[in-house]
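Here's the structure, in structure tokens; my notes come after.
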Amino acid sequence: MPNTEKEKLMDKIVSLCKRRGFIFPGSEIYGGLANSWDFGPLGAELKNNIKQSWWKHFVQNREDMVGLDTAVILNPKVWKASGHIDTFNEPLVECKKCHQRFREDALEQKLCPSCGGKDFTSSRPFNNLFRTFVGPTEDASSLAYLRGETAQGIFINFANVLNTERKTLPFGVAQIGKAFRNEVTPGNFIFRTREFEQMEIEYFIPEPKKDADWKNWFEYWQKEIRVWLENAGLDPKKLHDTEVPEKNRAHYSKRTIDFEYDFPFGQKELCGLAYRTDFDLKNHEQLSGQNLKYKDSQTSKEFWPHVVEPSFGVDRLFLAILLEAYVEDGERVVLKLMPQLAPYKAAVFPLLANKPELVKKAREVFDILKPNFMTAWDDRGNIGKRYYSQDEIGTPWTITCDFQTLEDETVTIRDRDTTKQERVKIADLIQILGDKLLK
């Protein structure tokens, strides 16, 4: 796809998100806040559906996984032990012409994206952690940080999980939550922001006796990530497993793979897989003085488990799923979202909004479906416009009550992707929609 077409696609997605209530600019009534975004009514539903799909697949459907929901503000010693205070840095440069600042590694052809200048200051490290203060005073004794990743909340609760869940290795701990990074160069809509949401797993494995021990688990999770991404509707041809070279890996990682997606603005990271060794538990034990080892029930040997970490960015997945689903079919714009992820599963229409008997019957159908499925009510304009409106927000099935409905208690159900319609009994609707969602 030519660059101009890709740019147009991004513009269309941004416009659709604002127009239809998926994503709004943050603090818009005050002129906005750079790279800050609010998820609207439909965006909140889609985002929640993505998270619920992930949680069900990786936590609820597995015996070897439990979940946590830990605090955003942690004791600052957590970030000292994790290495984030000392190493969580980006190379920052400043354009000498316009004085804008950028990540050095994000500059293309060493040109300033603001003014085209070529002369920059030498790079210096810029720490990504957001600083805050706990309590009434603002001094070194009250300094704290908003978490830069959700993972550390899992590591510092490792002993609590062992004591309450009685898990044996291998097992994982999952968490979904906000993380904050004071990015120098955010951008590309919701792709890179300072406030974002992560879905992370720390999968604890026995202390490897040979490289094959951790590599087998690494390859296992590499396949698992692929399966879920494809189940979410992403084209496998647009997904790329990219080995991250040592110089670009995080300080805790012995091996990292980025799962990259073909966004309109380039092949960029969607999620990642890292082998963190025993770095985190060992460092937290050394700084806290608390025993964070695992005791093997067979040998009584104590050791720090090693960790394989699948990490997903919710916002980036949200964007990739929208891009993948967006289709123009003549005059129709269709979001061909996986039905399980769609904000609304069904919409109910009266054929004519000015006929009270049709509106009443359609309301009865709506009331039947609403407790079982996220269902929309739409009686605006003509029936064709209502179909197109629901297609654009990704509603898989639309249900119309017409004059025949009043005679035989049947309705028409229309498929979003094929536009084909079939006549079904109202009494069968819950079963029919349930079966369709299970496919």
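See the values below:
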| quantity | calculated |
| --- | --- |
| Some residue of region 124-140 being surrounded by fewer than 18 Cβ atoms within 10 Å (Cβ to Cβ) and closer than 20 Å to Val308 by Cβ | no |
| Boolean, Glu202 is modelled with pLDDT of 95 or more, among the charged types (D, E, K, R) and either closer than 22 Å to Arg103 by Cα or part of a strand (DSSP E or B) (or both) | yes |
| Cβ-Cβ under 8 Å pairs, at least 6 apart or on other chains, region 399-411 side more than 12 Å from Leu352 (Cβ to Cβ), far side assigned to a helix (DSSP H, G or I) and among the polar types (S, T, N, Q) | Thr410/Gln404; Val411/Thr405 |
| Single residue of Lys223, Lys167, Lys209, Lys178 found to be basic (Lys, Arg), over 30 Å from Gly32 (Cα atoms) and not in a loop (DSSP other than H, G, I, E, B) | Lys223 |
| Checklist (1) hydrophobic (A, V, I, L, M, F, W, C); (2) touching a strand residue (DSSP E or B) at 6+ places or on another chain (Cβ under 9 Å); (3) at pLDDT below 90 applied to Ala140, failing item | (2) |
| Identity of the residue in region 118-155, hydrophobic (A, V, I, L, M, F, W, C) and in a loop (DSSP other than H, G, I, E, B), that ends up farthest from Phe265 (Cα to Cα) | Val134 |
| Test: residue in region 310-327 that is among the acidic types (Asp, Glu) and either out of contact with any Asp or Glu (no Cβ under 9 Å at 6 or more places or on another chain) or part of a strand (DSSP E or B) (or both) | no |
| Whichever residue in region 163-199 is among the aliphatic types (A, V, I, L, M) and modelled with pLDDT of 95 or more and, among such residues, is farthest from the chain's Cα centre (by Cα) | Leu169 |
| Filter pass, Met1 being at pLDDT below 95, part of a loop (DSSP other than H, G, I, E, B) and not assigned by TED's automatic domain parsing to the domain that holds Gln152 | yes |
| Filter result for the condition that a residue is of a type in the set (Gly, Ala, Ser), at pLDDT below 95 and assigned to a loop (DSSP other than H, G, I, E, B), over Ala342, Ala353 | Ala353 |
| Pick from region 226-236, criterion outside any loop (DSSP other than H, G, I, E, B) and touching a residue at least 24 places away in the same chain (Cβ under 8 Å), ranking: surrounded by the fewest Cβ atoms within 10 Å (Cβ to Cβ) | Asn231 |
| Failed item, numbered, when Glu392 is tested on (1) touching a strand residue (DSSP E or B) at 6+ places or on another chain (Cβ under 6 Å); (2) closer than 27 Å to Ala44 by Cα; (3) not in a helix (DSSP H, G or I) | (3) |
| Enumerated helices (runs of 4 or more DSSP H) restricted to region 7-117, each holding at least 3 residues that are surrounded by 15 or more Cβ atoms within 10 Å (Cβ to Cβ) and on the phi < 0 side of the Ramachandran plot | 41-55, 77-81 |
| Residue satisfying condition, being buried (at least 17 other Cβ atoms within 10 Å of the Cβ), closer than 26 Å to Gly330 by Cβ, in the same structural domain as Phe373 (by TED's automatic domain parsing) and among the hydroxyl-bearing types (Ser, Thr, Tyr), within set Thr419, Thr395 | Thr395 |
| Candidate set: region 398-421, residues that are in a strand (DSSP E or B) and not β-branched (Val, Ile, Thr); chosen: the one nearest to the chain's Cα centre (by Cα) | Asp415 |
| Unmet requirement for Ile383, which otherwise passes all of (1) more than 27 Å from the chain's Cα centre (by Cα); (2) surrounded by 15 or more Cβ atoms within 10 Å (Cβ to Cβ); (3) not assigned by TED's automatic domain parsing to the domain that holds Gly434 | (3) |
| Complete set of residues in region 258-288 that are among the aliphatic types (A, V, I, L, M) and crowded, with 19+ Cβ neighbours inside 10 Å | Leu270, Leu273, Ala274, Leu281 |
| Every residue from region 238-259 that is touching a residue at least 12 places away in the same chain (Cβ under 8 Å) and either of a type in the set (S, T, N, Q) or not in a loop (DSSP other than H, G, I, E, B) (or both) | Lys238, Leu239, His240, Asp241, Thr242, Glu243, Ser253, Arg255, Thr256, Ile257, Asp258, Phe259 |
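The values are calculated or read from the model by the stated rules, or taken from the named source; none is laboratory data. Because the structure is predicted, anything quoted here is derived from the model rather than measured. Glycine gets a Cβ as well: all are built from the backbone with ideal geometry, and neighbour counts include every protein chain shown.
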